[in-house]
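The values are calculated or read from the model by the stated rules, or taken from the named source; none is laboratory data. Please read all numbers here as calculations on a predicted model, not as lab measurements. Ideal geometry is used to build each Cβ from the backbone, glycine not excepted, and the neighbour counts take in all protein chains shown.
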Amino acid sequence: MHLAPALVEQGHEVAALSIARGENKELAIWNGVAMHYYKPAQGSTKGVHPWVVDLETKVIRGEALFHKALQMKEGGFNPDLIVAHPGWGESVFVKEVWPDTKLALYSEYFYKTHGGDVNFDPEFSANDVDDACKITLKNVNNLLHFPIADAGISPTLWQASSYPKEFADKITVIHDGIDTNKLIPNPEVKMTLNTAAGEVALDANSEIITFVNRNLEPYRGYHIFMRALPEILKERPNARVLILGGNEVSYGAPPPAGQTWRDIFLHEVKDRVDLSRIHFLGKVDYAVYQACMQLSSVHVYLTYPFVLSWSLLEAMSMGCAIVASNTAPVQEVIKSGKTGRLVDFFDAGALAKEVIDLLGNPAARKKLGTAARKYAVENYDLQSVCLPQQLAWVEGLFKKQYKSTKKIIAKKETIKTKAKVIGLKS
């Protein structure tokens, strides 16, 4: 999102290849980036072996992008660098079109049957003995990319370490970055909630607990959070809870048919909480999300060992006092007692205790929030930290495209102003 326009500003020619999602609605140019679209020739095959449904989907997308790339090549486009997220399979055949072009992968996660998200939570451990085989096959796409990729970039050390050593050694750890200049504390923020009992006005003096998921589900600890609420709301009679997130599934297994994870775990505690103080806001505009974070007295972030949510770093940037799960890669950014507090993911009682303690201790909240923002600014700011590192990484890949120092010097102006970059994104 930020790297491509920044490369355009440096004078590079940048194109993007993405799946077409609407007839005649695709942008031709986005922030100086030439947009190209591909359409799969078919959908998944009905009745295909269930273990290979995921692989077939990726092959279908890879085939479609392959033919679109051939058209671009026939039109004279020959990139110096390809940057791709390989997760949906688009880039698996791209080297068949441009065999001499450097290929760099956004290395988000390598699936594992042990030591990661799978079987982490015994409450939802898979009973299907075939699941390990399915997970192994999900990695076929990754494994097909390793021999053709020249480099990788990963947002956290732990995510990079999930990859086999033969490819992990090619990965540079640079986070995507957040805009800490916009994501700031705001003691003047106010919000009005429309509830069944009438309007509820919130401001900096309100006692607010926040919890954010893209979708409310066990992978991001929704069940643990809900189980902590009876004790929290009992001990803090003026506290209100703002819960942001949808009712779909982003990760992991879906809930039983006809139900939502939100309602399953709300039902579990509903007789032990004051429901009028728990506010499910659903999916909200970014400005509303930001206001909720700025209002937050204590923000709770829980996750299986999995990819790190931007929302955690954004909460840090906005000066939230955070209680988070003691899981990877959370430990890379939350230093317990310094930039937040860590608790065992499964210990709802410990979570409740830390939240209650912080709600009653404004000085501790202020200290943690100030330190969290300082850490986010110094390590994850988009403009001053992450984007410069990303640009330097790309520049290094450009230089590797040219075989010798002599050739680099001879092509210096070409590198600076005419290098062609193509990004592949589903």
Legend entry - Qualifying residue in segment 46-69 (condition: of a type in the set (Lys, Arg) and modelled with pLDDT under 95): yes
Inset, instruction - Run down 210, 195, 136 and say which single residue is of a type in the set (Ser, Thr, Tyr) and modelled with pLDDT of 95 or more. - result: 210
Inset, instruction - Return yes when residue 83 is surrounded by 14 or more Cβ atoms within 10 Å (Cβ to Cβ) and either modelled with pLDDT under 95 or farther than 22 Å from residue 139 by Cα (or both) and no when it is not. - result: no
Inset, instruction - Go through segment 113-134 and give me each residue that's farther than 18 Å from residue 220 by Cα and in contact (Cβ under 8 Å) with a residue 24 or more places away in the chain. - result: 130, 133, 134
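Taking the conditions exactly as written (surrounded by 14 or more Cβ atoms within 10 Å (Cβ to Cβ) and under 30 Å from residue 388 (Cα atoms)), does residue 223 satisfy them or not? Break it down stepwise before answering.
On the way: surrounded by 14 or more Cβ atoms within 10 Å (Cβ to Cβ): yes; under 30 Å from residue 388 (Cα atoms): no.
For residue 223, the condition - surrounded by 14 or more Cβ atoms within 10 Å (Cβ to Cβ) and under 30 Å from residue 388 (Cα atoms) - is not met.
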Inset, instruction - Only residues that are small (Gly, Ala, Ser) and crowded, with 16+ Cβ neighbours inside 10 Å: list them for segment 337-346, please. - result: 340
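Suppose we keep only residues that are of a type in the set (Ser, Thr, Tyr) and surrounded by fewer than 18 Cβ atoms within 10 Å (Cβ to Cβ) within segment 259-288. Which one would you say is nearest to residue 183 (Cα to Cα)?
Restricting to residues being of a type in the set (Ser, Thr, Tyr) and surrounded by fewer than 18 Cβ atoms within 10 Å (Cβ to Cβ), the top hit is 286.
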Inset, instruction - Might you check whether a residue that is in contact with a Pro (Cβ under 6 Å, 6 or more places away or on another chain) and not aliphatic (A, V, I, L, M) occurs anywhere in segment 162-174? - result: no
Inset, instruction - Name the residue, out of 200, 189, that is assigned to a strand (DSSP E or B), more than 30 Å from residue 72 (Cβ to Cβ), of a type outside the set (D, E, K, R) and in contact (Cβ under 8 Å) with a residue 12 or more places away in the chain. - result: 200
Inset, instruction - Those residues that are within 22 Å of residue 239 (Cα to Cα) and in contact with a Phe, Trp or Tyr (Cβ under 9 Å, 6 or more places away or on another chain), I need them from segment 284-310; list them, please. - result: 299, 300, 301, 302
Inset, instruction - Report whether or not residue 90 is of a type in the set (Asp, Glu) and touching a residue at least 24 places away in the same chain (Cβ under 8 Å). - result: yes
Inset, instruction - Consider residue 19 carefully, then state whether it is surrounded by fewer than 21 Cβ atoms within 10 Å (Cβ to Cβ), among the aliphatic types (A, V, I, L, M) and over 30 Å from residue 130 (Cα atoms). - result: yes
Inset, instruction - Mind counting the residues in segment 97-140 that are closer than 15 Å to residue 424 by Cα and not β-branched (Val, Ile, Thr)? - result: 8
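Do the conditions hold for residue 32, that is, is it of a type outside the set (A, V, I, L, M, F, W, C) and either surrounded by 15 or more Cβ atoms within 10 Å (Cβ to Cβ) or free of Cβ contacts under 8 Å to residues at least 24 places away in the same chain (or both)? I'd like the intermediate steps shown before the answer.
On the way: of a type outside the set (A, V, I, L, M, F, W, C): yes; either surrounded by 15 or more Cβ atoms within 10 Å (Cβ to Cβ) or free of Cβ contacts under 8 Å to residues at least 24 places away in the same chain (or both): no.
For residue 32, the condition - of a type outside the set (A, V, I, L, M, F, W, C) and either surrounded by 15 or more Cβ atoms within 10 Å (Cβ to Cβ) or free of Cβ contacts under 8 Å to residues at least 24 places away in the same chain (or both) - is not met.
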Inset, instruction - Could you grab me the full set of residues in segment 150-186 that are in contact with a strand residue (DSSP E or B) (Cβ under 9 Å, 6 or more places away or on another chain), assigned to a loop (DSSP other than H, G, I, E, B) and free of Cβ contacts under 8 Å to residues at least 60 places away in the same chain? - result: 162, 163, 170
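Scan segment 203-227 for residues that are acidic (Asp, Glu) and without any contact (Cβ under 8 Å) to a residue 12 or more places away in the chain and report the count. Please lay out each step first, then the result.
Looking only at segment 203-227, we keep the residues that are acidic (Asp, Glu), and these are 203, 207, 217.
With without any contact (Cβ under 8 Å) to a residue 12 or more places away in the chain added as a condition, the list becomes none.
Of the residues in segment 203-227, 0 are acidic (Asp, Glu) and without any contact (Cβ under 8 Å) to a residue 12 or more places away in the chain.
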